[in-house]
Structure formats: structure tokens, C-alpha cells
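Structure, as C-alpha cells:
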Amino acid sequence: MNDEIIVSDSELVEPAVVHADRRRSEWLMTIREAWRMGRTKIGVGIFAFIVLLAIVGPWIAPYSPTEFVAPPFSPADIPKMWLGSDYIGHDVLTRVLYGGRTVILLSLAATVIGLGLGVTLGLITGYARRWIDESVMRILDVVLAFPQIVLTLLFVSIVGPKLWLIVLMVGISHAPRIARVARAATLEVAQRDFVHAAEAFGVARTKILFNEIMPSITSPLLVEFGLRLTYSIGLIAALSFLGFGMQPPAADWGLMINENRIGIVIQPWPVFVPVLLIGILTIGTNLIADGLGRALIGIERDTGVG
Amino acid sequence: MEPTTSAGPATTPERDVVLMVEGLRIVLDPSGVDIDDEVSLVIRRGEVLGLVGESASGKTTVATSLLDYQRRGAKIAAGHVEIDGQDILSMGPAALRAVRGGAISYVPQDSSAALNPALRIGTQLMEILEVHGFGASAAEREARLAQMMAEVLLPSDKVFLRRYPHQLSGGQQQRVAIAMAFANRPKVIVLDEPTTALDVTTQAHVLDTIRDLTRSYGVAALYVTHDLAVVSNLADRIAVMYAGRVVETGTRDELFAAGHHPYTRKLLASIPDITGERALRGIPGWAPRPGRRPSGCAFTPRCDWAVDRCHEEFPPVEEPSPGRRVRCWRWKEVGVQVADLDIHLRDKSLSARDTEEKTVISVRDVAAFYQRKEILHGITTGLSERRCLALVGESGSGKTTLARCIAGLHPHKIVGDIEFGGKALARDARNRPRATRQAIQYIFQSPYSSLNPRKTIGQILSQPLRVFFDLSRDEMEGRMEKVLEQVALDSSLLSRYPDQLSGGERQRVAIARGLAAEPMVLICDEVTSWLDVSVQAAIIELLAGLQREMGLSMLFVTHNLALVRSISQEVAVMNEGRIVEYGGVDAVLEDPQADYTKKLLSDTPTIPAVTAEA
């Protein structure tokens, strides 16, 4: 009885496929698997390029974003003004280089808020079941019934166009969708015996939620984060365009599209370039989310575990 | 591989050989790591060959290769598979389709997954006949269909044939799968653990059916299983596989009487014996997986007989007698040692009841519900201090529900009294005082689900210590090392994760987690049902030892009546939510009173007592 061999060996479902850390950090594994796909590499490349542009942009910009450098809607004049001037004579290239920060930062903040709120609600509803689950999910259904932009506009029209409010509302409008994903994953994990074992010891519910269950649902949440980030970028840009986001004279891609749309026929650059950048940024984040999603499905299929 | 077909016994001429496998080598595709190597088998008309091996022995991979099918990532690298002289492995896709389900057919482990859930079973059965062009007319096929159903003892009326797979029981589904396999009167049939998911009574019926059909049609059958006891009444010959190689082949009686390979002997000793004569002996360690197998003979690390040569060279096939083959350097010495290595008589004094012990847990007139349905009816029983009560029953008998009621893990309604130390127990473990939660520990069935995959063994073991005791870091460390030692694991495992451990090690960790709480009562819910027999025996030895040494009261839930004598002093037999028989183990197993117990006893497969003569 006491001569059990001690040096361990792994007992995987598929022999010799060595993913020793498959179980302990599934999200890392998901990222690694996703990275093997071309789409993820392209997505990460695009995202990194735009983020880099937004970070170093202000340092390489030729002028100040609020400096009047030419008559309004002047055409491109290389090398003085690569993209011409906008509706009041600012340099378009400068404003493009300055205008990415807000979109990216606000979208990230909103997504993080949505994720935090959604995961908490999803864990609680998925684990508590019964009436808590029922009542919270019905309230979320009500939130879900409003299109995200309508919900945000509703509150902005009541409180006023405050940046914090926009970030918060975009986050809140993401929460029901994230909560659903988190809840579904929690329902499955909560039935496993290690959760029952913790219950039998009398471990506190919050500890069970965050120490036992949470580490097992990170992968679907990772995919959800990528997806919600894409939506956030679109929403934040749309709100800026509608005039509820950054206020003039700030440089912001969404705002630029609105300010300059009247001159689109004579000077397309101040509209076209921000649209293009927002477009490829969302394509980038979407490709990342897609890669992660595919990796997750692949891992589930290969291991038979979620 | 030398040709071996000529070596068959004189009574079965060579022309009777239906299936011949020679030098089969199967590897993982990109890596080239071998799953199976040098596998050679011969099966004659009307003969059942039992292919026995534990998990990771490569037995299922061999089985499906006979139909030239490999799972994703595996491929056949060398060897021949011949059915009546026809080479299966060199066939084109069209020829192969004709052979599969025709000349050779396959019964999978899980028939519920093999039957199409969207088609009526009559449609599926007819399909297999039509595809292979059985008979000349539809009428002939229908006659065959009726005959098939009769052969597997299922009704063949329209109503039954119009059912969908989910409307049948597990045993009925498996019979349909068997009917399908025999439909076109195959020459060879491959059965891949077809009874593993079934209860013993259903298993006994299915085994009878298989035996009758192979005999009456003269089919050559390969029966793959991890359980020697199952094939003991079915197989004519047995091939034992270990780490991808056939280590011993012989007739059933030869193997049971005197295995020439140490693994065969140890495997036999690890099978629970319902007669209670032999003690259960586990094999230390576990079977190595492909790519992790040691050089030389793969069994060396677990073998008592190993000498230096075993580490270096893989032994060749030797033939002690015609048809008998063994791969061991020391088979001559192993083969003559009969009695004292394998047969350890059970210490019967352990089950004798010396004094009346105090009752620790008493259950009085308890009924439990699943939602609104009553699933336990009027259960009254008790658990005494320092005794082990085995709770035996088939699936759905309510044995796990009763165990969970006591542990406070049954989330539905319970009526009646469950008392611990004379005080009523709260229904939900959360509402019990800390001292009670500490005193009653529950070990779960599956060690794959009961340990959090994201935590190290150290984190897992520290959970009960944090909840129940106020310890410093060093004290905690010391306690964890102590409990690991009690379950015969090394403290170096503390930093490992569950997926780096074998199934047996994981179950030991789960037991250690229970012990860390320093309990009075240990509830073990089918704790060995996910483990290999050799590992199961080791876990049973461990639990029996712990129970004795630590004076634990234990409730041991199991579906396997044969295990009961090796661990418990009392036994309660459950059926359909009621306890149908209760008593001391020897009394119940030797002189059962309830009809249900008698049936269970007669259906439980055991090894014939051929070893006793020595």
C-alpha cells in the first residue's frame, strides 16, 4: 500500500498531446491557441497599429490640434498639410493623430465596467438559482430590450452629456449580455463536485464564487471582452458623432466626422480618415474576438471539457 | 513477429482461423509515439477472445484498427489485419465500407451515442440490412429483422420498432446495437466494453446474449474489457495487454490457474472476490501512457520480479506451450510460483463483530424527494463507531441520495430523522455547526470533478484546514504533509495541479482532503468506480487500513457487491429507494434472504476458483 510510485505523470484524455497547463489556466491556453490562427495575428497587428498611432500621435503631430493653419477646407498640400485643413482651418493630420486616444480609452473603460458588472451578476444568478436568478434575469431582459444606443441617449438626455456618464451607460448596456454568458458558464461549473465539496466544508458563498467558480469561466469571458470592446468602439464613436461625447475644440474621431461632414464634397479627408480608422480598429478587435472564440470551441472539442 | 498460426492446438485446424492480426503497430500521427506495437492475435470460428487491459493500454485502439478505423491523431504504421485471408488494411474506401457492418462489425461501449437519436430503431436496423444488400427481397429482410430482435430477446412488434433510442433503457439500447452488429451474419465481431455502462443484472443478460450468438453463428469475437471477471465466463482465450503490447495470451483456464506474466497474476489478485476467500491486492503505481512508457519492459516499475535486464530490453515472445504466449524474461520462474505470490487469504477476524459499538449516525424513517417525486422510502439504518457499512445497489437504487442526505448535500426535500451523535442534523450542510461539518466528510465519486483544476494540491488541501482550524503557515504545511503521507503520496505533489496526477493519485488527494478535516465519519460515494481495477484495489486497501487505524466510521457506497467483503463489516442492499437487506457481510453474502440480493449475487461476475486448488 505504501509503495505507490510518487513521481507523477499526466493522465490526459488524449495521450501525448502535451498541454500540461490546459486545466489550470484555460484562458492562457485559449490565447495561445488563438495566436496560432492568422486572423488573430492580423487582428492584433491592426489593434497594435492603431493603439500605437494614438499613443505616439501627439508627439509626431506637425501642429497643435487647436492651431489655425490654413483657411477652412483647404485641400491637401504635401508636405505642409498632408490631409488638408478642416472646417475651421485646423490641420486634419494633427487632429487625426490626437483623436484616437479618447475613443480607445473610453471604449476600454466602458468594456471593463460592463465586464465587471456582467460577470458579478452572472456569477450570482448562475450560482444562487431560484428567485434571485429569476428576478435579476428579468430585470436584465428589460435592459436588453432597449437598443444600447437608445438606452445611453436616454440617460444622457436626462443628466447631460458627461463623459463619465457615457462610459458608465455603455458599460451598463453591455452588462446583460456579458451576464448571460457568465451565467451559462457558472451554471455548468456550479454542478461540479469541487463546488459541492467546498459547500460541504462550509466555505463562504462569495469565496466559492470568486475562488472556485470564477477561474473556470475565464475563457468565454475573454471572448466576450473582445466582442464587447468592438461594440464599445462603435458606440462611443457614434455618441461623439451625435455630439454627446467629446466637445469641441477637442480632437476626437467621432466628433471630426460630425464637424466636417458638411464639407465632404470639397474636402473629404477630415471625414474619410477617421471613418477609416474607426472601421479598421473594429475589424481588428473583431478578428481578435473571433480568433479567441474559435480557439475556445477548438479546445472544448478536443478536451471534452468546457 | 514470427508466424504463429501454425501453433494452434491440434483440435482447431488452421483453416478455422477467421481473424489474424500480425505485428500491428499504431502510432500518434505527427509525433510517431507508439500507442500499440507488435500486437498479434488469432481468433478462430466460434471463439471469443478477451482482450484485457487497463486504461492507456491501447486495447480500444487495437479493437477499432480491426475495422481499419483510427481515432483522430492516430495511424497504423505497420502490420496486417486479415479476415478469412482478406487484408483489411490495404482495402480502398468502397471495399472497406462493404466489409464494415458486413464481414466485421463493431459494438461500441456507449450504444446510446452509437444509435442515431433521430431515427426509429426499426429504421436503423433495416438500414444496415439494406446497405449490405441482405437477402433478396424486402420480405426476407423483414423476416431477418424479426429474427434479430428475437435473438437479442427484444420484442419485434411494430410498436417497439417504431420507438426512438431514447425510449429504450440502457440495456435495450445495447441489445439493439448487438442486433445491428449481428445483422449481416458477420465473420468477426468486435465488442468494445459493451457492458461497462450497464448494471450487473443487465450486464449478465447482455453477456448471455453475446455468448449464445457467437456460439450459434460461429462468429469470431473480440471482447475488449478492463475487467477480467467479466470475460471469465465468456472468453475461451484471453490476451492481456499492457502499455500497448500483448504481454500474455492463453486459454482462460491457463491464465487463471497460473499466469506466466507478473502483470496477469497481479491483475487477477486485484479483482474483488465475492466469495471472500482472497484478500484484495492492488498493484502499486499505474499504467504508463503512450510517450511516457519506460524503456525495456513497460511493466518493470510495478513488477516485483524485475531484474536489470527488464529495464534494458523488451522481452521477446515465447511459447511455453502451443497457443500460449508470454513476454517476460522470467516467465519460467513466475509460472511455477502459484500459491504464495497471488493468493492471500482474507483476514476474516476483521469482519467479526467483537463488541457492540455506539451508534454515530442514525437514520430513522427517512424519505427523500427529487423535486416532487419521492425517491427514498422509509429508510432506517445506522452507522456505528469504528465500523464500515457498505451501501450496495444498482444505479437508481437511491444509495448515493441516501449518502448525500447524510452529508447535507441533497438539495431537495427530506423528511424523517437523521441524527449525528444523538442530535438532529440540519438538511443543508451550510446550516450545520462547524464541528458537525468537520466530523462528517464526503469523498466524491469522480476525482476528475471533485478537485478544482485551477488549484494546486496544496491549495486544495488547505481548504478544510482554513475552514476548520486556526493554523499558522508552518502548521498548515505540516498537516498537509501528514495527510499526504497517510494516503501514501509524496509532499512534492503539493505544488502540482490535478491534471498532472493519475486518476488513482487524484482520488488519494480527495481522500487526503477529507482526512485533513480530522473527521469521525467518512462517506465514500463510489470512490473507485472511475479507476482501473488494479488502482481500485489499492484504494480499497488504503481506505480499509485508514478506517482501522484511525477508528473511523465509514459509509461505503458501491454498485459492486464483490468489493463489499474487502472493506466493510456490515452491508445494506438497496433497491428502488428501499433497503431490502441488512446484516453482517458474511451473513448477507453467504446466506442472502432477499430475492434481490440473491439475484445480484448470481449476476455479479466472478473469477472461477481455479486458483484454489494450488
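Go through the range B:380-407 and give me each residue that's closer than 14 Å to B:Ala367 by Cα and either within 14 Å of another protein chain (Cβ to nearest Cβ) or crowded, with 17+ Cβ neighbours inside 10 Å (or both).
Taking the range B:380-407 first, the residues closer than 14 Å to B:Ala367 by Cα are B:380-381, B:397-406.
B:Thr381, B:Ser397, B:Gly398, B:Lys399, B:Thr400, B:Thr401, B:Leu402, B:Ala403, B:Arg404, B:Cys405, B:Ile406, listed by residue number.
Mind counting the residues in the range B:461-480 that are more than 8 Å from every other protein chain (Cβ to nearest Cβ) and assigned to a helix (DSSP H, G or I)?
Of the residues in the range B:461-480, the ones more than 8 Å from every other protein chain (Cβ to nearest Cβ) are B:461-462, B:465-466, B:469-480.
Now narrow it down to the ones that are assigned to a helix (DSSP H, G or I): B:461-462, B:465-466, B:473-480.
Selection size over the range B:461-480: 12.
Hey, B:Ala512 hits all of (1) within 27 Å of the chain's Cα centre (by Cα); (2) at positive phi but one; which does it fall short on?
With (1) within 27 Å of the chain's Cα centre (by Cα); (2) at positive phi applied to B:Ala512, the lone miss is (2).
(1) touching an Asp or Glu at 6+ places or on another chain (Cβ under 7 Å); (2) under 24 Å from B:Thr380 (Cα atoms); (3) part of a loop (DSSP other than H, G, I, E, B): which one isn't true of B:Ala426, the others all being true?
(1)
Within the range A:108-119, is there a residue that is in a helix (DSSP H, G or I) and farther than 20 Å from A:Leu235 by Cβ?
Here is the first cut: in the range A:108-119, the residues in a helix (DSSP H, G or I) are A:108-119.
If we keep only those that are farther than 20 Å from A:Leu235 by Cβ as well, we get none.
Among the residues of the range A:108-119, not one is in a helix (DSSP H, G or I) and farther than 20 Å from A:Leu235 by Cβ, which makes the answer no.
One residue is enough: does the range B:260-275 have a residue meeting the conditions more than 23 Å from the chain's Cα centre (by Cα) and in a loop (DSSP other than H, G, I, E, B)? Full working, then the answer.
Going residue by residue through the range B:260-275, those that are more than 23 Å from the chain's Cα centre (by Cα) are B:260.
Checking the rest, the ones that are also in a loop (DSSP other than H, G, I, E, B) come to B:260.
Within the range B:260-275, one or more residues are more than 23 Å from the chain's Cα centre (by Cα) and in a loop (DSSP other than H, G, I, E, B).
Go through the range A:40-86 and report how many residues are crowded, with 16+ Cβ neighbours inside 10 Å and under 30 Å from A:Leu292 (Cβ atoms).
10
Out of curiosity, is A:Ala204 in contact with a Phe, Trp or Tyr (Cβ under 9 Å, 6 or more places away or on another chain) and either over 30 Å from A:Gly89 (Cβ atoms) or without any contact (Cβ under 8 Å) to a residue 24 or more places away in the chain (or both)?
Details: in contact with a Phe, Trp or Tyr (Cβ under 9 Å, 6 or more places away or on another chain): no; either over 30 Å from A:Gly89 (Cβ atoms) or without any contact (Cβ under 8 Å) to a residue 24 or more places away in the chain (or both): yes.
It is false that A:Ala204 is in contact with a Phe, Trp or Tyr (Cβ under 9 Å, 6 or more places away or on another chain) and either over 30 Å from A:Gly89 (Cβ atoms) or without any contact (Cβ under 8 Å) to a residue 24 or more places away in the chain (or both).
Can you find a residue that is on the phi > 0 side of the Ramachandran plot, surrounded by fewer than 23 Cβ atoms within 10 Å (Cβ to Cβ) and not in a loop (DSSP other than H, G, I, E, B) anywhere in the range A:129-142?
Within the range A:129-142, the subset on the phi > 0 side of the Ramachandran plot is A:129-130.
After this cut, where a residue has to be surrounded by fewer than 23 Cβ atoms within 10 Å (Cβ to Cβ) as well, the list is A:129-130.
Next, only the ones that are not in a loop (DSSP other than H, G, I, E, B) stay: A:130.
Checked the range A:129-142: at least one residue is on the phi > 0 side of the Ramachandran plot, surrounded by fewer than 23 Cβ atoms within 10 Å (Cβ to Cβ) and not in a loop (DSSP other than H, G, I, E, B).
Let me confirm something: among A:Ser240, A:Ser232, A:Ser216, which residue is within 14 Å of chain B (Cβ to nearest Cβ), buried (at least 21 other Cβ atoms within 10 Å of the Cβ) and on the phi < 0 side of the Ramachandran plot? First the steps, then the outcome.
Numbers: A:Ser240 fails: within 14 Å of chain B (Cβ to nearest Cβ); A:Ser232 fails: within 14 Å of chain B (Cβ to nearest Cβ).
Checking each option against the conditions leaves just A:Ser216.
Determine whether the range B:334-342 contains at least one residue that is in contact with a strand residue (DSSP E or B) (Cβ under 7 Å, 6 or more places away or on another chain), surrounded by fewer than 22 Cβ atoms within 10 Å (Cβ to Cβ), more than 14 Å from chain A (Cβ to nearest Cβ) and assigned to a loop (DSSP other than H, G, I, E, B).
For the range B:334-342, residues in contact with a strand residue (DSSP E or B) (Cβ under 7 Å, 6 or more places away or on another chain), surrounded by fewer than 22 Cβ atoms within 10 Å (Cβ to Cβ), more than 14 Å from chain A (Cβ to nearest Cβ) and assigned to a loop (DSSP other than H, G, I, E, B): absent.
Within the range A:152-163, identify whether any single residue is hydroxyl-bearing (Ser, Thr, Tyr) and at pLDDT 90 or above, and answer yes or no.
Among the residues of the range A:152-163, not one is hydroxyl-bearing (Ser, Thr, Tyr) and at pLDDT 90 or above, which makes the answer no.
I'd like to verify a number: residues in the range B:175-198 that are buried (at least 22 other Cβ atoms within 10 Å of the Cβ) and among the hydroxyl-bearing types (Ser, Thr, Tyr), how many?
The number of residues fulfilling the criteria is 1.
Among the residues of the range B:485-500, are any part of a helix (DSSP H, G or I), of a type outside the set (S, T, N, Q) and free of Cβ contacts under 8 Å to residues at least 24 places away in the same chain?
Just the residues of the range B:485-500 that are part of a helix (DSSP H, G or I), to begin with: B:485-486, B:491-495, B:498-500.
This time we only want the ones that are of a type outside the set (S, T, N, Q), so: B:485, B:493-494, B:498-499.
Among the residues that remain, those that are also free of Cβ contacts under 8 Å to residues at least 24 places away in the same chain are: B:485.
Looking for residues that are part of a helix (DSSP H, G or I), of a type outside the set (S, T, N, Q) and free of Cβ contacts under 8 Å to residues at least 24 places away in the same chain, one finds at least one in the range B:485-500, hence yes.
Given the criterion surrounded by fewer than 21 Cβ atoms within 10 Å (Cβ to Cβ) and touching a residue at least 60 places away in the same chain (Cβ under 8 Å), identify the matching residue among B:Thr201, B:Thr214, B:Thr225.
On the way: B:Thr214 fails: surrounded by fewer than 21 Cβ atoms within 10 Å (Cβ to Cβ); B:Thr225 fails: surrounded by fewer than 21 Cβ atoms within 10 Å (Cβ to Cβ).
Being surrounded by fewer than 21 Cβ atoms within 10 Å (Cβ to Cβ) and touching a residue at least 60 places away in the same chain (Cβ under 8 Å) holds for just one of B:Thr201, B:Thr214, B:Thr225, which is B:Thr201.
Checking B:Lys482 against (1) touching a Cys at 6+ places or on another chain (Cβ under 7 Å); (2) free of Cβ contacts under 8 Å to residues at least 12 places away in the same chain, which single condition isn't satisfied?
(1)
What pairs come out if I take residues in the range B:579-606 that are closer than 27 Å to B:Asp253 by Cβ and pair them with residues that are among the charged types (D, E, K, R) and not in a strand (DSSP E or B) whose C-beta lies under 9 Å away, six or more apart or interchain?
Pairs found: B:Leu589/B:Arg565; B:Leu600/B:Glu394; B:Asp603/B:Asp199; B:Pro605/B:Asp227; B:Thr606/B:Asp273.
Do we find that A:Tyr87 is within 28 Å of A:Leu168 (Cβ to Cβ), among the hydroxyl-bearing types (Ser, Thr, Tyr) and touching a residue at least 40 places away in the same chain (Cβ under 8 Å) in this structure? Reasoning before the result, please.
Working: within 28 Å of A:Leu168 (Cβ to Cβ): no; among the hydroxyl-bearing types (Ser, Thr, Tyr): yes; touching a residue at least 40 places away in the same chain (Cβ under 8 Å): yes.
Judged against the criteria, A:Tyr87 is not a match.
Only residues that are of a type in the set (Gly, Ala, Ser) and at the interface with another protein chain (Cβ under 7 Å from one of its Cβ atoms): list them for the range B:481-491, please.
Initially, the range B:481-491 is screened for residues of a type in the set (Gly, Ala, Ser), giving B:488, B:491.
Of everything in the range B:481-491, just one residue is of a type in the set (Gly, Ala, Ser) and at the interface with another protein chain (Cβ under 7 Å from one of its Cβ atoms), namely B:Ala488.
Within the range B:420-431, can you find the residues that are at the interface with chain A (Cβ under 8 Å from one of its Cβ atoms) and crowded, with 20+ Cβ neighbours inside 10 Å? Full working, then the answer.
Filtering the range B:420-431 for residues at the interface with chain A (Cβ under 8 Å from one of its Cβ atoms) gives B:429-430.
The one that is at the interface with chain A (Cβ under 8 Å from one of its Cβ atoms) and crowded, with 20+ Cβ neighbours inside 10 Å: B:Ala429.
If you go through the range B:442-454, how many residues are in a loop (DSSP other than H, G, I, E, B) and at the interface with another protein chain (Cβ under 8 Å from one of its Cβ atoms)?
So in the range B:442-454, the residues in a loop (DSSP other than H, G, I, E, B) come out as B:444-454.
Those left that are additionally at the interface with another protein chain (Cβ under 8 Å from one of its Cβ atoms): B:444-446, B:449-454.
Number of matching residues: 9.
Would you pick out the residues in the range B:280-319 that are within 12 Å of chain A (Cβ to nearest Cβ) and aliphatic (A, V, I, L, M)?
B:Leu280, B:Ile283, B:Ala287
Being out of contact with any Ser or Thr (no Cβ under 9 Å at 6 or more places or on another chain), within 11 Å of chain A (Cβ to nearest Cβ) and over 21 Å from B:Ala537 (Cα atoms) is the filter here; which residues of the range B:495-518 pass it?
B:Ala517 - this is the single residue of the range B:495-518 that is out of contact with any Ser or Thr (no Cβ under 9 Å at 6 or more places or on another chain), within 11 Å of chain A (Cβ to nearest Cβ) and over 21 Å from B:Ala537 (Cα atoms).
Residues in the range B:571-587: is at least one surrounded by fewer than 24 Cβ atoms within 10 Å (Cβ to Cβ) and basic (Lys, Arg)?
yes
Based on what the data block shows, is A:Leu154 within 25 Å of the chain's Cα centre (by Cα) and without any contact (Cβ under 8 Å) to a residue 12 or more places away in the chain?
The answer is yes for A:Leu154.
The values are calculated or read from the model by the stated rules, or taken from the named source; none is laboratory data. Small disclaimer: the values here were computed from a predicted structure and weren't measured. For neighbour counting, all protein chains shown are included, and Cβ atoms are generated from backbone atoms with ideal geometry for every residue, glycine included.
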